[in-house]
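Asks: The structure under discussion is supplied below as structure tokens; questions concerning it will follow.
The values are calculated or read from the model by the stated rules, or taken from the named source; none is laboratory data. What you see is a predicted model; the values in this text were computed from it and never measured. Here the Cβ is made from the backbone with ideal geometry for all residues, glycine too, and neighbour counts use every protein chain on show. Ligands, DNA and RNA are stripped out before the accessible areas are found, and what is left, the full protein with its side chains, is counted by its heavy atoms. Shrake-Rupley method; radii C 1.70, N 1.55, O 1.52, S 1.80 Å.
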Amino acid sequence: MVRLLEREDELGVLADAVQDAAAGLGSIVLVAGEAGIGKSSLLRELRGRTGELVTFLIGACEPLSVPVPLAPLRELVEAAGGGDLVDLGSDDRLVLVRRVASVLAMRAPVVAVIEDVHWADPLSLDLMRLLVRRAPEIGAAIIATFRDDEVAANAELGLLLGDLTNAPGVRRIRLRPLSDGAVRVLAAPSGLDAGELLRATGGNPFLVVEAVAAGERLPASVRDAALARAGRLSRSAREVADAAAVLGQRFDYALLDAVVPGSASAVEEALARGVLVAQGTRLGFRHELIREAIEASISPPRLAELHTRAVFALVNQPGAVDNARLAHHAELAGLRKDACAYATLASVEAERLGAPLEARLQAERALRLGEDLSDPARYELFLRYSRAANFTSTRYEDAVWGAEQALGVAEHLGDPLGQARALGALAWALWSFDRMVEAKEAATRAIAVLEATSELTAQARVQSTYIRIEASAFDPGAAIAAAPIARELALAAGLEDVRIDIDISVGLARGHSGQATAISILTDALREAQGAGLAIQVIRGYVNLLFVGATLRQHELVGSDIGEARALLEEFDARIPRYVIEGFLARSLLDRGRWEEALPAAAYSVRTWHAEVPLARAMEGLIAARRGEPDAERTLGKSWAEIPKGAEDSRHGTLRCAIVEAAWLRGDRRAALEHLEAAAASPSTVRYARWGGELALWAARHGLELEAPAGAPEPVKLELEGDWRGAIRAWRELEAPYESALAALPGDHAAAAQALAALHKLGASAAIRAFARERAARGARAMRGPRASTLADPAGLTRREREVLDQLATGATNPAIAAALHVSERTVAHHVPAILAKLGAATRLAAIEQARNRGLLSQDGTVSEPR
């Protein structure tokens, strides 16, 4: 027996967690330290002291060449009597974690130990993060151990630990080396010099104990210290230890006996010598360092033989086949064909579980080892590799490469469906890589290939991909036009996920087009996705709803939904979307004049790279420009440099608005005209209602004519029509104090004074100077009057007033007119009296008669009862 020294404080922390669990209060304890520092010994001591109070369950991570997805949590659930976690047949992390939580709750009070999480696969870490949040509810003490000097090698673990930095109910223990006094106590029976022992081992408990056990001399290395104990085993016990080292840190005795038949007495010796330990019904090494040292000492031929035995033992053991583990052993055994087959199956299983990293690595292994793979099998592996690489590779080129390889195989086979599937994967990969033109080309090719087939499923999926690309990067109108046929295909094929995906894309497209119906479309699609448990569509739904809400200045929606979206994205560990939506919040706050709140939201959004980073950065630059702060121009220039310069999308219009405004603020007409002229030449300008409208407004302020999109915001149209009073009111209705102030540029003295007061309140010192400069310039020439279209009207009606008049002729009420024209009732209430005044009519009916007599109606409207 080895005495546990200098660990009472740490045991006290763990004991408190156990007591809390016994009282129904869950918590989390993170136990960190280098290899050999005593993490496992600490937990064994805790179990010995408190095992009667609670149930102890243990799951361990292993250093396999490719981790088994969910291995430690599957072990926990199985030990708790909950069966195999993967039998749920779900890749939904929430479903999986609820199952783990419910199984633990049934065994409460429980201590769930997850050892060596520095080797954990990403999916296990995802579920651990979710499980941590549920620990208080299930009366579980969750204890995770890890080597803190290996965290850097597991990026997902680093993110998890970062997330838990300020989380409530988290206790942290960092084990430190033994002191000189503790080393002296342990060294006393051996006669070793305690000072020399401390210098040689650094106070590492494992090394100290192994050195003392070795006797007269100090081991030269960690490996020597670990092998010293194994060196005292008999030949048969060493054979068992070698086989055990190949099987891993923890294993069932039956598996070991299948590899080394008749091993019972040898196992007893290994247990007695302290090489192996019994952990419930399983066996394991007293320390991973011993296993690593034994495995490293085995000759290559002997190692290959043991891995071969492990393959046959695993194949013949009862229960589910572990293809990931079989692929590991088969490759190390030199069984290339078998390893390829097992890796292929493991890749399929990993993708089904929602473990894309393991799916990619296993597909990569199968392709590397599969010299004799058939073309169809190779095609599927390339395709799966591409899909998985799109989520996990640090290089998007890997996903593109996989799809291109699959496409080449499909073309060689003359398989249209295979070509279309590969082209769909290629479009996805290129879209992720922000290569939008090539992505659209791939999707268009896929549609063309499938035209002659009756494959409804494939047609629906590629159409959905095409519509998504059009809606987000090219032509919202084209996306809307293509949607009905694609939706019918999805319904006919029974593809609910595709149908909802199409609806989300249509909602986005209508939002780009300035249509208020986008909100209800996206809201309905989001609720349907939630009801169907479609994680990807739920994430898309929230992201696009918040984007459209911010774009249409639906600030109440953004404010009410942002918290719900944050919680869900954190639950899914959707980190990129989590950063993206903060940029949308920043836009909403910026539009409302809440600049001090917008800046931290924008700063959060740019913490990591995503396609919306240039826009979030531009908001920082725009606020700086309005305030007259230095570096605003540099920040905006950097934002412009970061977006692709191929086909233009809404991002280009958004940035152009910011750059043109900043140029106007500093009086740089030449820079403003450069971007305005480019906007006039770009077909995307009229496709995106908000930004095309605002660019048209900035063009008018610079004396240029630029067509505004049909769905441009109402106050923009009013300004363009010369109705500055109406524009000021309309901007105020949208909670846009900055824009409302600028709308007063052509206004009277009172309006200008109010505008300057508003700009002063916002802290927009550069805008105040620019406003005064423009007013002075306008004083030297005639004020800009109504637009040419208004002057050409016989009654002097603006375009919007003519639209309202046509509605009046049908007998429509103000609410009905507002709904028909997609404007607010207050805007209609402003237009109606203006129309009556211009027509010299006292009532609506009189105005309609006047209009009919003068031929002002677009068609011969008939007055009906109000509706």
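Asks: List every residue pair whose Cβ atoms sit under 8 Å apart, with the two residues 6 or more apart in sequence or on different chains, where the first one lies in the range 182-206 and is of a type in the set (D, E, K, R) and the second, anywhere, is modelled with pLDDT of 85 or more.
Replies: Arg184/Ala194; Asp193/Ala187
Asks: Next question, about the same structure. Tell me the residue from Ile728, Ile768 that is surrounded by 17 or more Cβ atoms within 10 Å (Cβ to Cβ), within 30 Å of Leu797 (Cβ to Cβ) and modelled with pLDDT of 95 or more, please.
Replies: Checking each option against the conditions leaves just Ile728.
Asks: Kindly indicate whether any position in the range 326-349 is polar (S, T, N, Q), touching a Gly at 6+ places or on another chain (Cβ under 9 Å) and under 30 Å from Ala35 (Cβ atoms).
Replies: Taking every residue of the range 326-349 in turn, none turns out to be polar (S, T, N, Q), touching a Gly at 6+ places or on another chain (Cβ under 9 Å) and under 30 Å from Ala35 (Cβ atoms).
Asks: Follow-up. For the range 306-344, how many residues meet the condition of being of a type outside the set (Gly, Ala, Ser), free of Cβ contacts under 8 Å to residues at least 40 places away in the same chain and crowded, with 17+ Cβ neighbours inside 10 Å?
Replies: So the count comes out to 9.
Asks: Return a yes/no flag: does the range 465-472 have any residue that is modelled with pLDDT of 95 or more and among the aromatic types (Phe, Trp, Tyr).
Replies: yes
Asks: Here's something else I'd like to know. Could you grab the pairs with beta carbons closer than 8 Å, sequence gap of 6+ or different chains, first residue in the range 733-751 and over 15 Å from Ile768 (Cα atoms), second one in a loop (DSSP other than H, G, I, E, B) and of a type in the set (S, T, N, Q)?
Replies: What qualifies is Glu733/Ser824.
Asks: May I pose another question? For the range 657-676, state whether one or more residues are within 32 Å of the chain's Cα centre (by Cα) and within 12 Å of Trp691 (Cα to Cα).
Replies: Taking every residue of the range 657-676 in turn, at least one turns out to be within 32 Å of the chain's Cα centre (by Cα) and within 12 Å of Trp691 (Cα to Cα).
Asks: Quick one: which residue in Ser472, Ser505, Ser513 is polar (S, T, N, Q), open to solvent by less than 10 Å² (accessible area, probe 1.4 Å) and in contact with a helix residue (DSSP H, G or I) (Cβ under 9 Å, 6 or more places away or on another chain)?
Replies: Ser505
Table: residues versus (1) modelled with pLDDT of 90 or more; (2) open to solvent by 10 Å² or more (accessible area, probe 1.4 Å); (3) out of contact with any strand residue (DSSP E or B) (no Cβ under 9 Å at 6 or more places or on another chain).
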{"site": "Leu256", "(1), (2), (3)": "yes, no, no"}
{"site": "Ala266", "(1), (2), (3)": "yes, no, yes"}
{"site": "Arg282", "(1), (2), (3)": "no, yes, no"}
{"site": "Arg286", "(1), (2), (3)": "no, yes, no"}
{"site": "Leu289", "(1), (2), (3)": "no, yes, yes"}
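Conditions tested, residue by residue: (1) in a loop (DSSP other than H, G, I, E, B); (2) out of contact with any Pro (no Cβ under 9 Å at 6 or more places or on another chain); (3) under 30 Å from Asp224 (Cβ atoms).
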site	(1), (2), (3)
His329	no, yes, yes
Leu332	no, yes, yes
Ala341	no, yes, no
Glu358	no, no, no
Gln362	no, yes, no
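Asks: Return the residues of the range 846-864 that are under 57 Å from the mean Cα position of the chain (by Cα) and modelled with pLDDT of 80 or more; say none if nothing qualifies.
Replies: Those that are under 57 Å from the mean Cα position of the chain (by Cα) and modelled with pLDDT of 80 or more: Ala847, Ile848, Ala851, Leu856, Leu857.
Asks: Take the residues in the range 137-190 that are in a helix (DSSP H, G or I) and among the β-branched types (Val, Ile, Thr); name whichever of them is least open to solvent (accessible area, probe 1.4 Å).
Replies: So the residue we want is Val183.
Asks: Pick from Arg690, Arg656: which is touching a residue at least 60 places away in the same chain (Cβ under 8 Å), surrounded by 23 or more Cβ atoms within 10 Å (Cβ to Cβ) and either of a type in the set (D, E, K, R) or in a loop (DSSP other than H, G, I, E, B) (or both)?
Replies: Just one listed residue meets the conditions, Arg690.
Asks: Is it the case, given these coordinates, that Ala363 is touching a Lys or Arg at 6+ places or on another chain (Cβ under 6 Å), surrounded by 21 or more Cβ atoms within 10 Å (Cβ to Cβ), modelled with pLDDT of 95 or more and not acidic (Asp, Glu)?
Replies: So Ala363 fits the description; yes.
Asks: So, one more: Taking Ala837 as the residue in question, decide whether it is open to solvent by 50 Å² or more (accessible area, probe 1.4 Å) and at pLDDT below 80.
Replies: So Ala837 fits the description; yes.
So that you can scan it fast, the table gives a plain yes or no per residue for (1) modelled with pLDDT of 95 or more; (2) not basic (Lys, Arg); (3) not in a helix (DSSP H, G or I):
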site: Arg487; (1), (2), (3): yes, no, no
site: Asp497; (1), (2), (3): yes, yes, no
site: Arg510; (1), (2), (3): yes, no, no
site: Gln515; (1), (2), (3): yes, yes, yes
site: Ala518; (1), (2), (3): yes, yes, no
site: Leu522; (1), (2), (3): yes, yes, no
site: Ala525; (1), (2), (3): yes, yes, no
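Asks: Looking at this structure, is Glu556 open to solvent by 30 Å² or more (accessible area, probe 1.4 Å) and free of Cβ contacts under 8 Å to residues at least 40 places away in the same chain?
Replies: yes
Asks: Still on this structure, I have one more. Determine whether Thr635 is within 28 Å of the chain's Cα centre (by Cα) and within 21 Å of Ala518 (Cβ to Cβ).
Replies: For Thr635, the condition - within 28 Å of the chain's Cα centre (by Cα) and within 21 Å of Ala518 (Cβ to Cβ) - is not met.
Asks: So Ala211 fits all but one of (1) of a type outside the set (S, T, N, Q); (2) surrounded by fewer than 20 Cβ atoms within 10 Å (Cβ to Cβ); (3) without any contact (Cβ under 8 Å) to a residue 40 or more places away in the chain; what number is the exception?
Replies: The one condition Ala211 does not meet is (2).
Asks: OK, next. Could you check, for the range 391-398, whether at least one of its residues is assigned to a helix (DSSP H, G or I), open to solvent by less than 50 Å² (accessible area, probe 1.4 Å) and small (Gly, Ala, Ser)?
Replies: No, the range 391-398 has no match at all.
Asks: Would it be correct to say that Leu30 is at pLDDT 90 or above, surrounded by 16 or more Cβ atoms within 10 Å (Cβ to Cβ), among the hydrophobic types (A, V, I, L, M, F, W, C) and touching a Lys or Arg at 6+ places or on another chain (Cβ under 7 Å)?
Replies: Against the criterion (at pLDDT 90 or above, surrounded by 16 or more Cβ atoms within 10 Å (Cβ to Cβ), among the hydrophobic types (A, V, I, L, M, F, W, C) and touching a Lys or Arg at 6+ places or on another chain (Cβ under 7 Å)), Leu30 qualifies.
Asks: Can you tell me how many residues within the range 191-204 are surrounded by fewer than 18 Cβ atoms within 10 Å (Cβ to Cβ) and either over 48 Å from the mean Cα position of the chain (by Cα) or under 30 Å from Glu137 (Cβ atoms) (or both)?
Replies: Qualifying residue count, the range 191-204: 4.
Asks: Hey, can you tell me all the residues within the range 112-136 that are open to solvent by 10 Å² or more (accessible area, probe 1.4 Å) and among the acidic types (Asp, Glu)?
Replies: Glu115, Asp116, Asp126
Asks: Do we find that Arg387 is farther than 19 Å from His328 by Cα and either surrounded by 19 or more Cβ atoms within 10 Å (Cβ to Cβ) or under 28 Å from the mean Cα position of the chain (by Cα) (or both) in this structure?
Replies: Yes, satisfied.
Asks: Looking at Ala518, Ala602, Ala565, which is the one that is open to solvent by less than 20 Å² (accessible area, probe 1.4 Å), out of contact with any Gly (no Cβ under 6 Å at 6 or more places or on another chain) and within 27 Å of Pro715 (Cβ to Cβ)?
Replies: Exactly one residue qualifies, and that residue is Ala602.
Asks: Please determine whether any residue of the range 95-104 is within 26 Å of Asp16 (Cα to Cα), within 23 Å of the chain's Cα centre (by Cα), without any contact (Cβ under 8 Å) to a residue 40 or more places away in the chain and open to solvent by 20 Å² or more (accessible area, probe 1.4 Å).
Replies: The answer is yes; a qualifying residue exists.
Asks: Can you name the strands (runs of 3 or more DSSP E) wholly within the range 207-300 that have at least 2 residues being in contact with a Phe, Trp or Tyr (Cβ under 8 Å, 6 or more places away or on another chain)?
Replies: 276-279, 282-285
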